[in-house]
């Protein structure tokens, strides 16, 4: 109950900010923005650049996997659950326990 009383005393923020934002930070202007409960700015547009940016699902396929050491997506070694790119594998092979046989 005490936390609720502390939150209730805070001044109310306006729900909507100005309708124009200068093109500076992201290069995107939005027609109408809404402040959320925690102070984050949320777009109310139905479709826009920021709403679709990196929105494709990445649960499977090449785009969903990356190297655990350097986050590289190319040349990934997935065998034995390594999930490490070939460059990092060459660097850490001795530490992992792989030995080259003659």
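Quick look at the values:
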quantity: Segments classed as helices (runs of 4 or more DSSP H), wholly inside the chain, with at least 3 members that are touching a strand residue (DSSP E or B) at 6+ places or on another chain (Cβ under 8 Å) and at pLDDT below 90; calculated: none
quantity: Filter result (exposed (fewer than 10 other Cβ atoms within 10 Å of the Cβ) and on the phi < 0 side of the Ramachandran plot) within the stretch 54-81; calculated: 55, 56, 57, 59, 60, 78, 79
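The values are calculated or read from the model by the stated rules, or taken from the named source; none is laboratory data. Predicted model only: the values in this text are computed from it and were never measured. Cβ: placed from backbone, ideal geometry, glycine included. Neighbour counts: every protein chain shown.
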